[in-house]
Amino acid sequence: MEKIPPPWTLGDLAALFGGDLHGPASFTVQRPAPSGSDDPTGIGFAKNDKYLATAEASNIGALFLAPGLSSKKPSIVVKNPQACFGALLSFSHRPLPLASGIHPTAVIDETASVDPSAFVGAFSVVERGARILAKARVFAHCYVGEGCVLGEGATLFPHAVLYQDVHIGARSIVHSGAILGADGFGYVWDGKQRVKVHQIGSVEVGEDVEIGALTAVDRATAGATVLEDGVKLDNFVQVAHNVRIGEHTVIAAFGGISGSSRLGARNTLAGKVDIVDHVSTADDVTLGGRTAVATNIKEPGVYLGAPAQPALEASKSLIIATKLPELLARIRKLEKEIEGLKK
Amino acid sequence: MEKIPPPWTLGDLAALFGGDLHGPASFTVQRPAPSGSDDPTGIGFAKNDKYLATAEASNIGALFLAPGLSSKKPSIVVKNPQACFGALLSFSHRPLPLASGIHPTAVIDETASVDPSAFVGAFSVVERGARILAKARVFAHCYVGEGCVLGEGATLFPHAVLYQDVHIGARSIVHSGAILGADGFGYVWDGKQRVKVHQIGSVEVGEDVEIGALTAVDRATAGATVLEDGVKLDNFVQVAHNVRIGEHTVIAAFGGISGSSRLGARNTLAGKVDIVDHVSTADDVTLGGRTAVATNIKEPGVYLGAPAQPALEASKSLIIATKLPELLARIRKLEKEIEGLKK
Amino acid sequence: MEKIPPPWTLGDLAALFGGDLHGPASFTVQRPAPSGSDDPTGIGFAKNDKYLATAEASNIGALFLAPGLSSKKPSIVVKNPQACFGALLSFSHRPLPLASGIHPTAVIDETASVDPSAFVGAFSVVERGARILAKARVFAHCYVGEGCVLGEGATLFPHAVLYQDVHIGARSIVHSGAILGADGFGYVWDGKQRVKVHQIGSVEVGEDVEIGALTAVDRATAGATVLEDGVKLDNFVQVAHNVRIGEHTVIAAFGGISGSSRLGARNTLAGKVDIVDHVSTADDVTLGGRTAVATNIKEPGVYLGAPAQPALEASKSLIIATKLPELLARIRKLEKEIEGLKK
């Protein structure tokens, strides 16, 4: 879809998205805005009655509505109001500024290569033998270590750090403060102290991956730590050495994936999930918030709890766990009654 | 209170804080020090018998004591010994050095403005249209993105990163490695892959806010992610897109506030608390360590557990949860007795 | 042991490690590799049948085997195959590049001292009175604050940040994005707002310590936050103000050590362990994943759960906690039976 910059008239938006206009075609909106915001020149969306109530109680200017909903505000009824809203987000998106070419302050090793169509920002360092491919963008203060490769159209936001031998696929995005390729956490106790196990492996990041701010992906002890195509990591995710994460898997904040574990494709991990070391999950597994996986999960499905169980079972246990005083009282009552009966 | 630099005599301190001196007025101390430290030129404090016992067992030189306590060490009895100790901390505080003006290595976009009374450290980058207001301090290696505003007297410690459209209120402090304004975590599955939902909103930080090291505050999808005045975030806090945190709320390390949730004013969140998305809390709510909030909390009070319950109920459940083998044994015994009675 | 760079023949390796060669002495391997990797020029190891099965199913070229194991692949039987593998990791280890001396872009305060044998990378800042001792390595983009000391042979990887008065012992390693010396999290509520308690203490890091990427060690309020010799911290560890961590203690990712707590020597903390403030642990304590320590642990041993209990008891409770619906059903059955008996 062609990107049409703001402002937009409702008439234009109704035509663009093929929706039914309720209100003046000339009504003009400046930006997509949350449905509950007091922004009279914003347009929000309501996909159900709950969203609609929030919107009606606010001063938002106009709305995309799902079929069957109606508002006293100017509105456009469309099949998928959230998708129309997403399109306006995309039209309004303004990338962080970055001048083309190599900033004069950047330090590029003479054996590194930077494609003429790539961007390297102020104070970035590109080490020995690293390669920055076409249209890749390296913002300010990045460190691109020896032998790293940044794929076509990939992005390192300010303060991203790649140690050695980190390979980033095309169009992948690494947010600020993410650290890729630091040493895996391995020591051997020799009777007196811990001796470091040297970590010589790499990090392999596929295409269309996004890595959140302040997320860490450690290099492998030997071999590679792998994020397959389409993986999305939130902020504060820990991916330990030799982990492999299957394609299109998503991990929310504070997820901890321990050494040598493997997640299948299209897994969804809610916040603060833990995977112990050397276990695996099947494809299409969903793990609820704070789930702890300690043994292999071999079947697709939704799991929850610590240790992980099928979600239905786990949620029963979790609910009862909040009612333990009642359970105890019932046991006490039974004990008294038994005593009574025994007399 | 006027800042009086060390060293101090006990006579001076007794006069300054209006306390009762027990010991030589000429006894000189160099610094405030923990009560249990072996620092004969340090002065600590004891607000109760427990602190006093720790202090007496150490070589600390002198003490501020609460009324009713006495020590064999030189001491000053005052109403609030901790506050006197805090005043000495303040007198001893030595800010990180930062030369006035703009460091010659800093890269400031020509459309950005830096107040003549502000400081910008080595290797910092200030992008298009950003504004650094009076007496604001930007330490080394910071990134101040397009359209950001750093309020009067606000501070960015080394390696703070602001993406676009991050507005920091007066006197607020952002510690090293904090990332404000990175993209919120939003995708739509199109049947084959996750498509990024563009994040075009801002981050609005009030006045007198403090943001810990390595904490992340994501920009809003549309609209703003908001930290109101006086909010204090510890290290490793995750604030997702479109969250609003009420004034004077405090969040300890590893707190995770999911998308579009709203915390009331004067909330206190202990370590590793989670708030799921789209929920809210009332004002004056306290959440114990590891509490998980999954539904709105409408009443002030203390809550605990996962899911959150009033703390008294929750702590009963948590205690019983550590005694489940005993519960099981009692059930087994009951079962046997019933079998006996049925015969 | 002398470092022998790859490639290696199996004959050479058998001689070097004193092992029994099974296969051609001239078979050449290029690198240590995970036992399950399809790397025909790699050598892995198998210490038991499980590892051996993984290796046999892969295309790895050769193996170190524990006594009693045999493979159809070229192999060397040795007492400790993992140690031989570790030796090859060490032989293959290639440090991040860093030119000797001070990079011309680095900004060194005139009152700071850098040993002629030390390294300071591009864009690093060394502040007033800081000292970089012999053979210490400061990679690019580091900030070494006022009065810091970096010990002999110590390393700051790119983007490490030391605030003021952080002292790092000999041979210690600080990974990228680690922040040492930020303010401890302390405020006093004055009835209207939280007033900052100034933090004036230091951070003291012993010798042979390793601090993971994106880990935070806050400075003390007064006195020092201390990591004793040989401490190893993973990524995302939070060490609050005035904590002391005993020698050779290891803390895995997302460990949170609250203010003024003290861990004994040789503790092992698995992932996401929490220690509340002002408690202590004995020497030789092991804490399982997600353990929460709320009171002093006075005896060595293995603990688990929240709150922490001896691991055997805790694991019984944790298992029963996943079977609460069954417990409830048994209680219900008892209640019915009692009702029947009472009639």
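The values are calculated or read from the model by the stated rules, or taken from the named source; none is laboratory data. Just so it is clear, the structure is predicted and the values come from calculations on it, not from any experiment. FYI the Cβ positions are ideal-geometry reconstructions off the backbone, even for glycines, and counts take in every protein chain you see. Remember, those area values only see protein heavy atoms, side chains included, never the ligands or the DNA or RNA. Shrake-Rupley method; radii C 1.70, N 1.55, O 1.52, S 1.80 Å.
What to note about this one:
- Note on region B:232-272: residues that are aliphatic (A, V, I, L, M) and within 17 Å of C:ALA182 (Cβ to Cβ) amount to 6.
- Count of region B:45-79 residues, restricted to those that are buried (at least 16 other Cβ atoms within 10 Å of the Cβ) and under 18 Å from C:THR221 (Cβ atoms), is 12.
- Filter pass, A:TYR187 being closer than 17 Å to C:HIS93 by Cα and either surrounded by 24 or more Cβ atoms within 10 Å (Cβ to Cβ) or charged (D, E, K, R) (or both): no
Residues are listed down the side, and each one gets a yes or a no for (1) under 25 Å from A:PHE185 (Cα atoms); (2) in contact (Cβ under 8 Å) with a residue 12 or more places away in the chain; (3) touching a His at 6+ places or on another chain (Cβ under 8 Å):
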site	(1), (2), (3)
C:LEU133	no, yes, no
C:CYS142	yes, yes, yes
C:GLY153	yes, yes, no
C:ALA160	yes, yes, yes
C:GLN164	no, yes, no
C:ASP183	no, yes, yes
C:ARG219	yes, yes, yes
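- Scanning region A:92-106 for residues that are over 14 Å from A:LYS135 (Cβ atoms) and open to solvent by less than 50 Å² (accessible area, probe 1.4 Å) yields a total of 5.
- Positions within region A:244-257 being more than 21 Å from B:ARG219 (Cα to Cα) and either among the acidic types (Asp, Glu) or touching a Gly at 6+ places or on another chain (Cβ under 7 Å) (or both), in sequence order: A:GLY246, A:GLU247, A:HIS248, A:GLY256
- Members of region C:181-190 that are of a type in the set (D, E, K, R) and facing chain B (nearest Cβ under 8 Å): C:ASP183
- The condition (being in contact with a Pro (Cβ under 9 Å, 6 or more places away or on another chain) and either surrounded by fewer than 22 Cβ atoms within 10 Å (Cβ to Cβ) or among the polar types (S, T, N, Q) (or both)) is satisfied by just one residue among B:ILE338, B:ILE320: B:ILE320.
- Residues (farther than 22 Å from A:GLY68 by Cβ and more than 12 Å from every other protein chain (Cβ to nearest Cβ)) located in region A:28-46: A:THR28, A:PRO40, A:THR41
- Among the candidates B:LYS72, B:LYS50, the residue that is at pLDDT below 95 and more than 29 Å from the chain's Cα centre (by Cα) is uniquely B:LYS72.
- Candidates in region A:166-180 are the residues that are outside any strand (DSSP E or B) and facing chain C (nearest Cβ under 9 Å); of these, the one that is farthest from the chain's Cα centre (by Cα) is A:GLY177.
- Taken over region B:76-119, the residue count meeting the criterion of being touching a residue at least 40 places away in the same chain (Cβ under 8 Å), aliphatic (A, V, I, L, M) and within 14 Å of chain C (Cβ to nearest Cβ) is 5.
- Between B:ALA253, B:ALA311, B:ALA282, the distinction of being surrounded by fewer than 21 Cβ atoms within 10 Å (Cβ to Cβ) and under 22 Å from B:GLY206 (Cα atoms) belongs to B:ALA282 only.
- Restricting attention to region B:5-44, the residues that are loosely packed, with under 15 Cβ neighbours inside 10 Å, within 31 Å of the chain's Cα centre (by Cα) and over 21 Å from C:GLY201 (Cα atoms) total 0.
- Within region A:138-158, considering residues that are more than 14 Å from chain B (Cβ to nearest Cβ) and open to solvent by 10 Å² or more (accessible area, probe 1.4 Å), the one nearest to A:ILE168 (Cα to Cα): A:VAL149
- Checking each residue in region B:204-215 for being surrounded by 24 or more Cβ atoms within 10 Å (Cβ to Cβ) and more than 11 Å from chain C (Cβ to nearest Cβ) picks out only B:VAL205.
- Some residue of region C:191-201 being touching a Cys at 6+ places or on another chain (Cβ under 7 Å), closer than 24 Å to B:GLY42 by Cβ and facing chain B (nearest Cβ under 10 Å): no
- Search result, residues across region A:107-137 that are open to solvent by 40 Å² or more (accessible area, probe 1.4 Å) and over 20 Å from C:SER124 (Cβ atoms): A:GLU110, A:THR111, A:SER113, A:ASP115, A:PRO116, A:SER117, A:PHE119, A:ARG131, A:LEU133, A:LYS135, A:ARG137
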